[in-house]
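Structure, as structure tokens:
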Amino acid sequence: MIQSYDSSLVLRDTRLFIDLDALRDNLRTLKALVGPRVAVTGVIKANAYGLGAPVIARALHEEGIDYLGVANLLEALALRQSGAAYPLFVMGHTPDEYLETGVAHQITLTIFSLHQARILENIALESGTTVKVHLKINTGFNRLGLSPTPESGIEIAEILKLPHLEVEGIFTHLALCSPEEDQKQLRAFKDFLGDLGASFDLVHVADSISGIDYPDFRLDMIRPGAALYGLKSYHSEDVHLRPVARFVTRVTHLNTLEPGEGVSYDFTFKAEKTTRIATLPVGYGDGYPRNLSNRGHVLIRGMKAPIVGIICMDQMMVDVTLIPDVGPGDEAVLFGEGLPVAELAVLAATNKNEILARLASRIPRIYLEGGRESLVLNEIL
Ligand SMILES: *Cc1c(COP(=O)(O)O)cnc(C)c1O
């Protein structure tokens, strides 16, 4: 639930701070980069990469985003229920039995079969509406979409004849394997469009990385997610995006270990000398990667505190022996300034998006605007 700012609703020391000014700046930066003729779908799937879809959607919408992209119909409906007339686009597959729900809520759907096109045509006919869809083409990612073959061309020609179906767009998705492979996919896509001989309002290919690094991939629309949230995966040196999220907690308790004493399950860490250990109220149940046990670190008073022992579901311990005067209530930065998501992702052997997307619903989200805390989102309240 979105709440107006009330600090008594935070209820935990483990908090995710989300800078909405940075988010808005990032969108403006991307819009300036691609120019006014390229539309932008802000990708807010997976709860806006963990940052709280209802609030992120509202901010992007206020900034004039063209579309809000989600992975599935459930995510789209959740946003529709927030009451706003967002332009919503489901980029993934919608099962046949739920197509009607998508139509009823004016959600733009992705299809890649004449079968689904006909179901949608019938629904539109019966309900006296039209249905907006984008066609998905598989140019090599081999996940979803029609292959760019003559048979698909015939199928699409049939789809385009359906009078109540508004085929607004056509798109593909890149594997980002190498610039050469990406170019090959773009060429396959463009060749297929040429063979189709039909025109579409929104022809699109690019996610964050390709949308920033490859100007010729922007076409009519880009679909950034990571870039909006300030995750730097692209290579361009000229684009400056600001990190949006900061994840922190506070020290709850301190223990002093004598040599030979262990920490946490299985004693995978044992003190070799007198060691000062701080306990933090965050664990893998919050989405913090458990494989950072004995591998990651947090920042306390600007200094690295190594994680020691196995990370528990709700708590973990860090070594603060070398950090003077650590006490209960001291802030520990899990990621943020001085410890970017990128660094955590490398240590956890995953990518930046996964670090954010796994952040659990029991973490209060606190939104910053104009340099002050403006909103609390506590999803499980
Ligand atoms: C997730 C997704 C995106 C956004 O990807 P980023 O790398 O976060 O920019 C774009 N398009 C599709 C189809 C996606 O599934």
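The values are calculated or read from the model by the stated rules, or taken from the named source; none is laboratory data. Predicted model, so just to flag it, every value in this text is computed and none were measured. Note: ideal-geometry Cβ built from the backbone for every residue, glycine included; neighbour counts use all protein chains shown. When the accessible area is computed, the model is the full protein with side chains, heavy atoms only, and any ligands, DNA or RNA have been set aside. Shrake-Rupley method; radii C 1.70, N 1.55, O 1.52, S 1.80 Å.
Quick notes on this one:
- The residue list 225, 211, 169 contains one member that is over 22 Å from the mean Cα position of the chain (by Cα), in contact (Cβ under 8 Å) with a residue 24 or more places away in the chain and under 30 Å from residue 20 (Cβ atoms), which is 169.
- Matching residues in the range 6-32 - criterion: being out of contact with any helix residue (DSSP H, G or I) (no Cβ under 7 Å at 6 or more places or on another chain) and among the aliphatic types (A, V, I, L, M): 9, 10, 11, 16, 18, 22, 30, 32
- Taken over the range 258-275, the residue count meeting the criterion of being open to solvent by 90 Å² or more (accessible area, probe 1.4 Å) and either over 20 Å from residue 314 (Cα atoms) or small (Gly, Ala, Ser) (or both) is 4.
- Unmet requirement for residue 232, which otherwise passes all of (1) at pLDDT below 95; (2) open to solvent by less than 10 Å² (accessible area, probe 1.4 Å); (3) not acidic (Asp, Glu): (2)
- Residues considered: 222, 212. Of these, the only one that is buried (at least 22 other Cβ atoms within 10 Å of the Cβ) and closer than 18 Å to residue 71 by Cα is 222.
- Here the range 73-98 is the region considered, the condition is being free of Cβ contacts under 8 Å to residues at least 12 places away in the same chain and either in a helix (DSSP H, G or I) or of a type in the set (Val, Ile, Thr) (or both), and the residue that is nearest to the ligand (Cβ to nearest atom) is 74.
- Count of the range 276-290 residues which are open to solvent by 70 Å² or more (accessible area, probe 1.4 Å) and either over 24 Å from residue 258 (Cβ atoms) or part of a loop (DSSP other than H, G, I, E, B) (or both): 2
- Filter result (within 16 Å of the ligand (Cβ to nearest atom) and in contact (Cβ under 8 Å) with a residue 12 or more places away in the chain) within the range 137-166: 137, 138, 139, 140, 141, 143, 144, 145, 146
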